[in-house]
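The values are calculated or read from the model by the stated rules, or taken from the named source; none is laboratory data. Given the structure is predicted, the values throughout are model-derived calculations rather than measurements. Virtual Cβ from ideal backbone geometry, glycine too; neighbours counted across all protein chains shown. With ligands, DNA and RNA removed, areas are computed over all heavy atoms of the protein, side chains included. Shrake-Rupley method; radii C 1.70, N 1.55, O 1.52, S 1.80 Å.
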Amino acid sequence: MQIEENPLGSLRRRRLLQSLGAATLPWPMGVFAQEYPGHPIEVVVPASAGGGTDALTRLFAEVAKKYLPQQPLVVNNKPGASGVIGMDYALAGKPDGYRLCMVIAEVTTLPNLGLAKFDYSRFEPIARLNADPAAITVRADAPWNTLEELLASAKKQPGDVKLGNAGTGSVYHLSAIGLEDKAGVKFNHVPFSGAAPAVVALLGGHIDALDVSPAEVGQHVLAGKLKILGIMADERIPAFASVPTFKERKLDLALGTWRGLAAPQGTPKKVIDTLRAAVRQTSEDPAFKDGLAKANLGWAYLDAPQFAQAMKRDHEYFGELIRKNGIKV
């Protein structure tokens with residue numbers, strides 16, 4: 001049986017709320033309006049578990065608990081197609097701040113290769129968190145001890161040296177093509193679904209060399225299983241101070257990857273601002289910086305406006321590189 005409410009009682013309650021200042025709120029839902037975040041936030045990783053992007057995201061999600069204490073960040077790996085699958089999945093979510101993406105540098109390469117229907121402009125940048133140079137790595141028992149020795153083999157037998165990368169159209173794929181262009185050599189490019197499976201393939205002897213970041217091979221280098229022959233950076237990096245840069249080897253090549261948090265375009269400004277504040281605090285936290293250092297990942301924070309400019313710049317650079325070299329995949 002349904003009991004009808006007394007209209008007089010309802011009127012009295014309304015007047016009481018008005019006297020308390022509640023008349024300025026939309027009735028009745030405004031009284032119960034929920035602040036962001038109201039439930040767990042999904043962070044999409046467009047790469048395999050175990051790689052640098054995955055390690056960065058999980059570290060970030062852990063430290064961010066202090067600055068977004070209301071709800072947890074839930075990491076969801078969606079690897080494949082050099083990041084297209086994961087980033088496409090992130091963009092398919094509602095622009096409400098509950099499905100974010102750890103976007104990777106491939107958001108500026110894949111569209112230029114015609115491998116993605118989206119580009120960087122479809123994302124609302126929050127902050128860049130990391131940047132790392134590409135590096136050429138081989139097994140510890142490989143016959144090459146210097147970059148010059150590897151290049152000499154590639155030049156002597158064009159297409160014979162199997163060089164792995166994190167996926168077709170990835171920054172590591174393009175940096176390897178840039179190396180071919182600069183050194184006048186030809187590799188047999190072998191793509192994988194991310195850096196982690198590519199490293200496993202190198203350890204197993206299924207490929208001869210690998211183009212990924214030092215962070216993604218670091219633990220195996222320290223264990224004596226792999227050795228880095230050269231780093232595509234302007235300066236040596238502290239974690240691998242004995243490894244020369246390409247520029248030291250007379251190859252003017254400085255390329256690498258970066259990772260940053262973004263949301264689908266159209267996410268409310270209030271939500272983006274809340275996330276920017278939390279991400280800035282997280283990035284400055286000693287636990288986050290120490291965690292990056294232990295994982296050999298480079299700290300490279302940029303706030304949203306500067307991150308947007310950096311993505312635009314990279315998009316234009318890789319577009320020119322691809323056209324100049326006639327790269328087709």
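Quick check: anything in the stretch 252-262 surrounded by 17 or more Cβ atoms within 10 Å (Cβ to Cβ), basic (Lys, Arg) and closer than 27 Å to Ala135 by Cβ? First the steps, then the outcome.
Residues of the stretch 252-262 surrounded by 17 or more Cβ atoms within 10 Å (Cβ to Cβ): 253-262.
Keeping just the survivors that are basic (Lys, Arg) gives 259.
Of the ones still in play, those that are also closer than 27 Å to Ala135 by Cβ are 259.
Yes, some residue in the stretch 252-262 is surrounded by 17 or more Cβ atoms within 10 Å (Cβ to Cβ), basic (Lys, Arg) and closer than 27 Å to Ala135 by Cβ.
So Ala64 ticks every box in (1) touching a Lys or Arg at 6+ places or on another chain (Cβ under 9 Å); (2) in a helix (DSSP H, G or I) but one. Which box is left unticked?
(1)
Regarding Leu100, is this residue touching a residue at least 40 places away in the same chain (Cβ under 8 Å) and open to solvent by 20 Å² or more (accessible area, probe 1.4 Å)?
Values: touching a residue at least 40 places away in the same chain (Cβ under 8 Å): yes; open to solvent by 20 Å² or more (accessible area, probe 1.4 Å): no.
No: the conditions fail for Leu100.
Is it the case that some residue within the stretch 127-148 is within 15 Å of Ser82 (Cα to Cα) and either assigned to a helix (DSSP H, G or I) or touching a residue at least 12 places away in the same chain (Cβ under 8 Å) (or both)? Please lay out each step first, then the result.
Residues of the stretch 127-148 that are within 15 Å of Ser82 (Cα to Cα), as a first pass: none.
Taking every residue of the stretch 127-148 in turn, none turns out to be within 15 Å of Ser82 (Cα to Cα) and either assigned to a helix (DSSP H, G or I) or touching a residue at least 12 places away in the same chain (Cβ under 8 Å) (or both).
Which one of these is in a loop (DSSP other than H, G, I, E, B) and either over 21 Å from Thr108 (Cβ atoms) or in contact (Cβ under 8 Å) with a residue 40 or more places away in the chain (or both): His173, His206?
Values: His173 fails: in a loop (DSSP other than H, G, I, E, B).
Being in a loop (DSSP other than H, G, I, E, B) and either over 21 Å from Thr108 (Cβ atoms) or in contact (Cβ under 8 Å) with a residue 40 or more places away in the chain (or both) holds for just one of His173, His206, which is His206.
Note down all Cβ pairs under 6 Å where the first residue falls in the stretch 277-294 and is closer than 11 Å to Leu59 by Cα, the second is open to solvent by 50 Å² or more (accessible area, probe 1.4 Å) and assigned to a loop (DSSP other than H, G, I, E, B), and they're at least six residues apart or on different chains.
Thr282/Tyr67
Just to be sure, is Lys94 open to solvent by 20 Å² or more (accessible area, probe 1.4 Å), part of a loop (DSSP other than H, G, I, E, B) and not aromatic (Phe, Trp, Tyr)? It would help to see each step written out before you state the result.
On the way: open to solvent by 20 Å² or more (accessible area, probe 1.4 Å): yes; part of a loop (DSSP other than H, G, I, E, B): yes; not aromatic (Phe, Trp, Tyr): yes.
Yes: the conditions hold for Lys94.
Identify the residue in the stretch 72-91 that is outside any helix (DSSP H, G or I) and touching a strand residue (DSSP E or B) at 6+ places or on another chain (Cβ under 6 Å) and, among all such residues, is farthest from Val329 (Cα to Cα).
Filtering the stretch 72-91 down to residues outside any helix (DSSP H, G or I) leaves 72-80.
Retained after the next criterion (residues that are touching a strand residue (DSSP E or B) at 6+ places or on another chain (Cβ under 6 Å)): 73-78.
Values: Leu73: 35, Val74: 34, Val75: 30, Asn76: 28, Asn77: 25, Lys78: 22 Å.
Among residues in the stretch 72-91 that are outside any helix (DSSP H, G or I) and touching a strand residue (DSSP E or B) at 6+ places or on another chain (Cβ under 6 Å), the one farthest from Val329 (Cα to Cα) is Leu73.
Looking at the stretch 185-216, which of its residues are open to solvent by less than 50 Å² (accessible area, probe 1.4 Å) and of a type in the set (Ser, Thr, Tyr)?
The one that is open to solvent by less than 50 Å² (accessible area, probe 1.4 Å) and of a type in the set (Ser, Thr, Tyr): Ser213.
Is it the case that some residue within the stretch 107-119 is in contact with a Lys or Arg (Cβ under 8 Å, 6 or more places away or on another chain), open to solvent by less than 10 Å² (accessible area, probe 1.4 Å) and touching a residue at least 24 places away in the same chain (Cβ under 8 Å)?
Checked the stretch 107-119: no residue is in contact with a Lys or Arg (Cβ under 8 Å, 6 or more places away or on another chain), open to solvent by less than 10 Å² (accessible area, probe 1.4 Å) and touching a residue at least 24 places away in the same chain (Cβ under 8 Å).
Within the stretch 168-197, which residues are within 17 Å of the chain's Cα centre (by Cα) and at negative phi? Let's see the steps before the verdict.
The initial filter retains those residues of the stretch 168-197 that are within 17 Å of the chain's Cα centre (by Cα), namely 168-175, 192-197.
Within the stretch 168-197, Thr168, Ser170, Val171, Tyr172, His173, Leu174, Ser175, Phe192, Ser193, Ala195, Ala196, Pro197 qualify.
Pick out the one residue from Gln265, Gln219 that is touching a helix residue (DSSP H, G or I) at 6+ places or on another chain (Cβ under 9 Å) and either open to solvent by 50 Å² or more (accessible area, probe 1.4 Å) or at positive phi (or both). First the steps, then the outcome.
On the way: Gln219 fails: touching a helix residue (DSSP H, G or I) at 6+ places or on another chain (Cβ under 9 Å).
That would be Gln265, the only listed residue that is touching a helix residue (DSSP H, G or I) at 6+ places or on another chain (Cβ under 9 Å) and either open to solvent by 50 Å² or more (accessible area, probe 1.4 Å) or at positive phi (or both).
State the number of residues belonging to the stretch 147-166 that are surrounded by fewer than 16 Cβ atoms within 10 Å (Cβ to Cβ) and among the aliphatic types (A, V, I, L, M).
1
Considering only residues that are part of a loop (DSSP other than H, G, I, E, B), hydrophobic (A, V, I, L, M, F, W, C), open to solvent by 20 Å² or more (accessible area, probe 1.4 Å) and more than 30 Å from Tyr120 (Cα to Cα), which ones fall in the stretch 222-244?
Passing the criteria: Ala223, Ala241.
List every residue pair whose Cβ atoms sit under 7 Å apart, with the two residues 6 or more apart in sequence or on different chains, where the first one lies in the stretch 74-87 and is touching a residue at least 40 places away in the same chain (Cβ under 8 Å) and closer than 14 Å to Met102 by Cβ and the second, anywhere, is open to solvent by 10 Å² or more (accessible area, probe 1.4 Å) and of a type in the set (Ser, Thr, Tyr).
Pro79/Ser48; Pro79/Ser193
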